[in-house]
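The structure appears right after this line, and notes come after that.
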Amino acid sequence: MEIYCKSALSKSKLPGIDYSLNPYFGCSYSCIYCYVPSLFNVERNEWRNVKVKKNMPDVLRKELRKKRKGIVGISSSTDAYQPLEKQYEITKKCLSMLSTYKWPIDILTKSDFFTRDLKIIKECNAKVGVTITTFNEEILQLWEPYAPNPENRLKAIQKFADEGIFTYIFFGPVFPLMKKDELNYCIEEFISAGVDEIIVDCLHLKRGVIESISKVFPNIIKYRKAHEDIFIEAKKIAEGKIAITKAW
Ligand code: SF4
């Protein structure tokens, strides 16, 4: 479904971000831990019916001329590189605009096809991150069933790191029952991809998320505070090798 937006840049309270830019409303990756539908009071099933903000590049052009320059976080409440982007290229058009006006950007995605825009992103003052929550295939099929394979996401971010662009892994929400050897594997994989930073995040149990997760992992909520221990362990593994911070 195509819709028309009134604004492109919204003020953001996220750390290190001045504005958010979300070219789509909804997300077809359907991660079971996604808390965005509850922020917008949208049913979880409805969240999969993605709406394309077709006029966003035009709206953005006007705003870039008027607004005070700041860091633009791309896709705080959707994924800017979900499958519809291949057809509509809204993100690509917005990036070109941001590059022309020389606005700094911070892109975070769960996709691997953002490599399409490497050339444009290289011309921006950019930070680029991919979300990876686990490499465990069995968990992934239930946890984030429609998202691209994490190995491919890692290969994609490596291309950006190789180009000297600031890159990071958003490691969250970490799977609460992650075992020590799995955690070790994840951190070592992130380090070998050459990224600059790892940001660890926990589960955000907003309305609807507990129900969604409990349907698939009935006991997992009991372990919802496991992220504290996981972070301490991750920090030990990463020490002296890579910067690691927590998002909560
Ligand atoms: S990729 Fe992000 S926005 Fe999309 S469903 Fe998953 S958590 Fe939600």
| note | The farthest towards the positive end of the charge dipole of the chain, of the residues Leu205, Val42, Phe166, given +1 on Cβ of Lys and Arg and -1 on Cβ of Asp and Glu, is Val42
| field | the chain: calculated mean residue ellipticity at 222 nm from DSSP helix runs of at least 4, using -39500 (n - 2.57) | value | -10500 deg cm²/dmol
| task | Indicate the gyration tensor shape class of the range 2-246 (rounded, prolate or oblate), computed on the Cα atoms with a ≥ b ≥ c the square roots of the eigenvalues: a/c under 1.5 is rounded; otherwise a/b larger than b/c is prolate and the rest oblate. | result | oblate
| task | Calculate, in nm to one decimal, what Leu205 and Glu233 gain on full extension: separation in residues at 0.36 nm each, minus their alpha carbon distance. | result | 7.8 nm
| request: Putting +1 on Lys and Arg Cβ atoms and -1 on Asp and Glu Cβ atoms, find which of Cys124, Ser77, Leu9 reaches farthest to the positive end of the dipole of the chain. | output: Leu9
| Distance from the Cα centre of the range 132-180 to that of the range 46-68, in angstrom? | 27
| By how many nm would the segment from Lys51 to Asp196 grow when fully extended, if each residue of separation counts as 0.36 nm and the alpha-carbon distance is taken off? | 48.9 nm
| query | For helix 226-238, what angle does its Cα long axis make with the longest principal axis of the chain, in degrees from 0 to 90 and rounded to 10? | reply | 80
| said: Could you list Glu211, Glu144 so that the one with the fewest beta carbons within 10 Å of its beta carbon is first and the one with the most is last? | reply: Glu211, Glu144
| field | the range 1-108, dipole about Cα centre (Lys/Arg Cβ +1, Asp/Glu Cβ -1), debye to the nearest 20 | value | 580
| field | Amide N proximity, the range 140-178 versus Tyr223 label position 7 Å along Cα-to-Cβ, cut-off under 11 Å | value | 175-178
| note | Sequence order, the range 179-190: Karplus ³J(HN,Hα) from phi using 6.51 cos²θ - 1.76 cosθ + 1.60, θ = phi - 60°, Hz rounded, Gly and Pro as x, gives 7, 4, 5, 5, 4, 4, 4, 4, 4, 5, 5, 5
| field | Unit charges on C-beta of K, R, D, E only; dipole of the chain, Debye | value | 1280
| query | Helix 150-162 versus the longest principal axis of the chain: what angle, 0 to 90°, nearest 10, using Cα atoms? | reply | 60
| Got the relative contact order for the chain handy, in percent, Cα pairs under 8 Å and 6 or more residues apart? | 18
| remark: For the chain, the longest principal axis of the Cα atoms and the Cα long axis of helix 56-66 enclose an angle in degrees, to the nearest 10, of 70
| With respect to the cross-link table entries Lys66/Lys241; Lys69/Lys159; Lys6/Lys119; Lys6/Lys246; Lys122/Lys180; Lys62/Lys155, which display a Cα-Cα separation exceeding 32 Å? | Lys66/Lys241; Lys6/Lys246; Lys122/Lys180; Lys62/Lys155
| task | Counting other beta carbons within 10 Å of each Cβ, put Thr133, Thr100 in order, fewest first. | result | Thr100, Thr133
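Values quoted throughout were computed directly from the atomic coordinates according to the rules given, and no laboratory measurement underlies them. Quick caveat: nothing in here was measured; it's all calculated off a predicted structure. Note that we place each Cβ from the backbone using ideal geometry, even for glycine, and neighbour counts take in every protein chain shown.
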